[in-house]
Amino acid sequence: MARKRNSGLGLGLDALIKEKTIDNQISKKSETVSTNINNIKNQKEDESQLKAIIFKEVEKNPRITLWSQKSSAVFRYLKKTQPEFSISKEASILIDEAVKNKYPEIWELFDD
């Protein structure tokens, strides 16, 4: 014989406490979900703001500075031995490839 689910009638204080506990658990889970959704929205807004700041900085000054004696020596050798060799252009191509491979997720943020 199947048991009937007790509606709480006749249980007095026990029934009220159990219902409030369940309501509190549901409320807490709902708050957690809302907080997580808000955090995700805030992260996207923060990321969007950060991208805007970075774009402004890059528009003003797209240069980066590197210190590498060996790379510098190789590039200067190529500049002296190959007509129309551009150190900046070659360095840009090599750095772009390396950064894209090492940080693909971040690279994709700036595809637009």
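The values are calculated or read from the model by the stated rules, or taken from the named source; none is laboratory data. All figures in this text were calculated on a predicted structure; none of them were measured in a lab. With ideal geometry, Cβ positions are generated from the backbone for all residues, glycine too; neighbour counts draw on all protein chains shown.
Just one of K100, K79, K51, K89 is surrounded by 10 or more Cβ atoms within 10 Å (Cβ to Cβ), part of a helix (DSSP H, G or I), touching a Leu at 6+ places or on another chain (Cβ under 7 Å) and without any contact (Cβ under 8 Å) to a residue 60 or more places away in the chain; which is it? So that I can check it myself, show each step before the final result.
Numbers: K100 fails: touching a Leu at 6+ places or on another chain (Cβ under 7 Å); K79 fails: touching a Leu at 6+ places or on another chain (Cβ under 7 Å); K89 fails: touching a Leu at 6+ places or on another chain (Cβ under 7 Å).
Sole residue among the options that is surrounded by 10 or more Cβ atoms within 10 Å (Cβ to Cβ), part of a helix (DSSP H, G or I), touching a Leu at 6+ places or on another chain (Cβ under 7 Å) and without any contact (Cβ under 8 Å) to a residue 60 or more places away in the chain: K51.
Among the conditions (1) surrounded by 10 or more Cβ atoms within 10 Å (Cβ to Cβ); (2) modelled with pLDDT of 75 or more; (3) of a type outside the set (A, V, I, L, M, F, W, C), the only one that S34 does not satisfy is (2).
Among the numbered conditions (1) at pLDDT below 85; (2) surrounded by 10 or more Cβ atoms within 10 Å (Cβ to Cβ), the only one that D112 does not meet is (2).
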